[in-house]
């Protein structure tokens, strides 16, 4: 063999190279794939794990659900495009974190401790509570080290974000122009050509209905559904079930300190003569002369103030009550009014006081000095507060036990219900799509767990899933019905109604567009216009966003001007733009606010550009196969 190698050394070398090359490439890829595992992306050699992505996806869906409530459908937002956008956001976050470390932006232990101690969630009686801190972290399945590491990371990244954003400069002329555009007002009227006018004039043939059914069978499937039993562990329920002793109330009242102190309050009446801030000199002079005459009458007969208020005051809310405004404290009235009222003694009357609402004559009728609300007065709200605190502490104590038991005894919920004295509840039929009527079961994570193979086939408990603040739910499937195809006869009436409505909307659109064309030519129309509404980009009123954009973009050189929009399911809406009012000159305060808003927009843009520049220079890979939902 050695002789063979010696004689064919060159050939053997070539063979070895041919063997090594594919081994190296395929072996390297296999190693890389194994190293990468289920990471959704790699940034500068460091992976963004599927767990990180899943946590971010759930947090995003929780925010959307909080914004849209029962109308939120997780499946509508869990698309390839949304997943791609989310992983890009995680990549941006990782890039900024890497840059923050390179820039030596660090958060000291002392700074971290100060931030944690100042967090309201970890305070009791205005002071940091180590027990509450540890209990709340346990409830979130976090160790102190994990929480502090994440917080340190967030604060470090925040320093860099702040440093970049602080460079933004907002031009005053641009802010003024934006203010003018946002506050320009336009008068818009609407007239609807309703589809209902044409419902009796359209018909649907059996063939049309059948064809629609065949083309849209998936829309008429009866969805998969289940009935479940479930238990809820919530701080609120635990708190309501606890009693509060007098000693606990007294202690909480003492710890509340100034919370139950009521500042000095005054009762006053006034006579108002309306005067707009931008009124011309003649109008201002007339208003002041009228107020001076009324003030002379008040001084001549101060006991007749209520009658004079009924006679002269232009404040429709208080004139009928003799000008009485009730009790008020500091900060409840505009400053000039407040300063005048708090400078008077009981029974005294002011001179003429000008505010943005007009000219006032003020009479103080009662003064209540600063006082502490007694325990008896605040007993009910204090009891509720103590119960809430006890409920949170009890929840923190039981959360881990609850989660462990529903996992360890995965074939039943009755044991955990009996042990923790929780009610075992049963649901009606529910589907994968969240609905408000599902109550605590209306949670995307919980529904996804209930419709998983483990829950459906094995009838195992779900994990304890957080569905709200300090609220855990575990559930178990009792009955399951698979999705089924509904027959044509079962859905025929619905199809016919849908097709008739679509045909009626089409007829209404044709009629509406013909009317719109005549209006644009200056011809008359018998449309019944609704009440005109004054709208602006800042105050859209009842207009849909698309309609508002069109109304604000119309050329106002020649009025009235018209446009139209299809209203799905309703008909065709014709809109009339009849008046345009330019924005008033902004006050200095308003211009400062607009400048700050513009600065924030520019800062956000600069930060986005900064992140984009980091992205261009960085070694980033997205592993799109790992972005697919589990069921795919």
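Side notes on the structure shown:
- Entry note, region 310-385: relative contact order of 18 percent, from Cα contacts under 8 Å with a spacing of 6+ residues.
- Cubic angstrom per residue, convex hull over Cα atoms of region 454-506: 162
- Taking every alpha-carbon pair within the chain, the share separated by more than 48 Å comes to 45 percent.
- Sorting the segments 508-515, 442-449 by their mean number of nearby beta carbons within 10 angstrom, highest to lowest, gives 442-449, 508-515.
- From least to most packed, judged by other beta carbons within 10 angstrom and beginning with the fewest, 577, 181 follow the order 181, 577.
- The order of the peptides 611-619, 492-500 by mean Cβ neighbours within 10 Å, most packed first, is 492-500, 611-619.
- Based on C-alpha pairs under 8 angstrom that are at least 6 apart in sequence, region 264-369 has a relative contact order of 44 percent.
- Debye equation applied to the C-alpha atoms of region 264-369, log10 I(q)/I(0) at 0.11, 0.13 Å⁻¹: -0.30, -0.42
- For region 436-481, the convex hull spanned by the alpha carbon atoms encloses 72 Å³ per residue.
- Degrees, to the nearest 10: 588-617 long Cα axis against longest axis of the chain: 10
- Hull volume in cubic angstrom per residue (convex hull over the Cα atoms of region 553-632): 257
- Region 359-512 shape via C-alpha gyration tensor axes, a/c threshold 1.5: oblate
- Kirkwood-based Rg to Rh ratio, region 503-607, C-alpha trace: 1.10
- Global geometry of region 205-270, whether rounded, prolate or oblate, following the gyration tensor of its Cα atoms and the 1.5 cut on a/c: oblate
- Cα-only Debye scattering, region 319-359: base-10 log of I(q)/I(0) at q = 0.21 Å⁻¹: -0.78
- Crossing angle, helix 144-165 versus the chain [Cα axis fit, 0-90 degrees, rounded to tens]: 60
- Once the Cα atoms are used to define both axes, helix 246-256 deviates from the longest principal axis of the chain by about 80 degrees.
- Relative contact order [Cα under 8 Å, 6+ residues apart], the chain, whole percent: 27
FYI, it's all coordinate maths here, none of it is from the lab. Everything numeric in this text was worked out from a predicted model, so none of it was measured. Glycine also receives a Cβ, built like all others from the backbone with ideal geometry; neighbour counts cover every protein chain displayed.
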